[in-house]
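Worksheet for the structure shown next.
The values are calculated or read from the model by the stated rules, or taken from the named source; none is laboratory data. Being a predicted model, the structure only gives us computed values, none of them experimental. A quick note on method: Cβ atoms are made from the backbone with ideal geometry, for glycine too, and the neighbour counts reach across all protein chains shown.
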Amino acid sequence: MRIFDPHIHMTSRTTDDYEAMYAAGVRAVVEPSFWLGQPRTSPASFFDYFDALLGWEPFRASQYGIAHHCTLALNPKEANDPRCTPVLDALPRYLVKDSVVAVGEIGYDSMTPAEDTALAAQLQLAADHGLPALVHTPHRDKLAGLHRTVDVIRESNLPPERVLLDHLNETTVKAATDSGCWLGFSIYPDTKMDEDRMVAVIKDHGTEKILVNSAADWGKSDPLKTRKVGDALLAAGFTEDDVDQVLWRNPVAFYGLSGRLRLDLSDAPEPLHEGNSILRGGE
């Protein structure tokens, strides 16, 4: 089983996770920029974070045979903080980088006017740079947030077929499907979706344009949830081809819209990144 996790925050994870993910079949990931758990106090902290997603994290992933790409953005939660909004002006110089395969995560957290402004501005940045967009639908008032999100997308210059609506569930999947966007589902141990619910959604809606992710981060989460969904699909009678479409071909097709996806890691990984390795205590 080959797996492409299209939304996982590996900055928050350990090398043990990379090792376990590779053993489970993960060969590619996309890491969206997101909220780190406490407020950032200046745009400079974003820039250091973006640089890590463009340099150190792809290096770490390569040591375990996993291709790493990222999406960059001002995330919805921090769009409400005036200390952070200057990031919008600096994003264009990052969105031209080779391993950036979308603008994201963008969207809504609390559905404020500031979030409206940031979402519209970053959809335009995606259109300007020929990139798709990864959109975070809110964890609260999900259906209302989904409708509001789709309205902004329809008013933008970015076609819906270049947008991935993430964190969907049973209450939002129909409206998301009707929008023409791609559909993303985050599988968590206790919240969001679980494996059985995901199987039920795929039974009802098919495998077309559906992406499944672990969204694993610094909270309670599981970077192997993609594999567990694949196993659950097979146990429910889906074919290996169905599983391959959901866990590999669909994320490749969506992020391939960027023209920047590089999945071939046939060359031996570089042993050092800017003079540093992942090794401790000797060679």
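Give S214, S186, S156 a once-over and let me know the one that is within 21 Å of S258 (Cα to Cα) and of a type in the set (S, T, Y). Even if it seems obvious, please write down each step before you answer.
Details: S214 fails: within 21 Å of S258 (Cα to Cα); S186 fails: within 21 Å of S258 (Cα to Cα).
Exactly one of S214, S186, S156 is within 21 Å of S258 (Cα to Cα) and of a type in the set (S, T, Y), namely S156.
What do you reckon, is C84 touching a residue at least 12 places away in the same chain (Cβ under 8 Å), assigned to a loop (DSSP other than H, G, I, E, B) and either in contact with a Pro (Cβ under 7 Å, 6 or more places away or on another chain) or buried (at least 17 other Cβ atoms within 10 Å of the Cβ) (or both)? When the stated conditions are applied, C84 passes them. For H273, the conditions (1) within 26 Å of T14 (Cβ to Cβ); (2) modelled with pLDDT of 80 or more; (3) surrounded by fewer than 17 Cβ atoms within 10 Å (Cβ to Cβ) all hold with the exception of (3).
When you check E105 against the structure, is it under 22 Å from P39 (Cβ atoms) and in contact (Cβ under 8 Å) with a residue 12 or more places away in the chain, yes or no? Even if it seems obvious, please write down each step before you answer.
Numbers: under 22 Å from P39 (Cβ atoms): yes; in contact (Cβ under 8 Å) with a residue 12 or more places away in the chain: yes.
Here the answer is yes, as E105 does meet what is asked.
Every residue in segment 199-216 that is surrounded by 15 or more Cβ atoms within 10 Å (Cβ to Cβ) and of a type in the set (K, R), please. Answer for segment 199-216, where residues must be surrounded by 15 or more Cβ atoms within 10 Å (Cβ to Cβ) and of a type in the set (K, R): just K209.
Residues that are polar (S, T, N, Q) and over 16 Å from R40 (Cβ atoms) within segment 78-106 comprise just one, S99.
Quick one: count up the residues across segment 250-266 that are in a loop (DSSP other than H, G, I, E, B), out of contact with any Gly (no Cβ under 9 Å at 6 or more places or on another chain) and within 24 Å of V212 (Cβ to Cβ). Outline the logic, then answer.
Pass one, segment 250-266, residues in a loop (DSSP other than H, G, I, E, B): 259-266.
The next check asks that each one be out of contact with any Gly (no Cβ under 9 Å at 6 or more places or on another chain); those that pass are 260-264, 266.
Checking which are within 24 Å of V212 (Cβ to Cβ) leaves us with 260-264.
Matching residues across segment 250-266 total 5.
Looking at segment 135-144, can you tell me whether even one residue there is at pLDDT 95 or above and more than 18 Å from N75 (Cα to Cα)? Checked against the condition, which is being at pLDDT 95 or above and more than 18 Å from N75 (Cα to Cα), segment 135-144 yields no hits at all.
Applying the selection to segment 154-187, what residues are closer than 25 Å to H9 by Cβ, outside any strand (DSSP E or B) and either within 16 Å of the chain's Cα centre (by Cα) or not hydroxyl-bearing (S, T, Y) (or both)?
Start the filter on segment 154-187 by keeping residues that are closer than 25 Å to H9 by Cβ, which leaves 158, 162-173, 176, 181-187.
Cutting the leftovers down to outside any strand (DSSP E or B) gives us 158, 162, 167-173, 176, 181.
If the condition is that a residue be closer than 25 Å to H9 by Cβ, outside any strand (DSSP E or B) and either within 16 Å of the chain's Cα centre (by Cα) or not hydroxyl-bearing (S, T, Y) (or both), then L158, R162, H167, L168, N169, E170, V173, A176, C181 are the ones that fit.
H129 meets all of the listed conditions (1) touching a His at 6+ places or on another chain (Cβ under 8 Å); (2) closer than 24 Å to V252 by Cβ but one, namely (1).
Among the residues of segment 161-198, those identified as surrounded by fewer than 15 Cβ atoms within 10 Å (Cβ to Cβ) and hydroxyl-bearing (S, T, Y) are T171, T191.
In segment 267-278 there is no residue matching the filter, namely being outside any strand (DSSP E or B), of a type outside the set (D, E, K, R) and more than 27 Å from R60 (Cβ to Cβ). Screening L158, L224, L183 for residues that are over 20 Å from G104 (Cα atoms) and in contact with a strand residue (DSSP E or B) (Cβ under 9 Å, 6 or more places away or on another chain) leaves exactly one candidate, L224. When we screen G237, G219 for residues that are within 21 Å of W248 (Cβ to Cβ), of a type outside the set (A, V, I, L, M, F, W, C) and exposed (fewer than 15 other Cβ atoms within 10 Å of the Cβ), the only hit is G237.
Summed over segment 220-244, residues that are in a loop (DSSP other than H, G, I, E, B) and in contact (Cβ under 8 Å) with a residue 12 or more places away in the chain total 7.
Using the structure shown, decide if L247 is of a type outside the set (D, E), closer than 30 Å to I202 by Cα, touching a strand residue (DSSP E or B) at 6+ places or on another chain (Cβ under 7 Å) and assigned to a loop (DSSP other than H, G, I, E, B).
Numbers: of a type outside the set (D, E): yes; closer than 30 Å to I202 by Cα: yes; touching a strand residue (DSSP E or B) at 6+ places or on another chain (Cβ under 7 Å): yes; assigned to a loop (DSSP other than H, G, I, E, B): no.
Taking the combined requirement at face value, the residue does not satisfy it.
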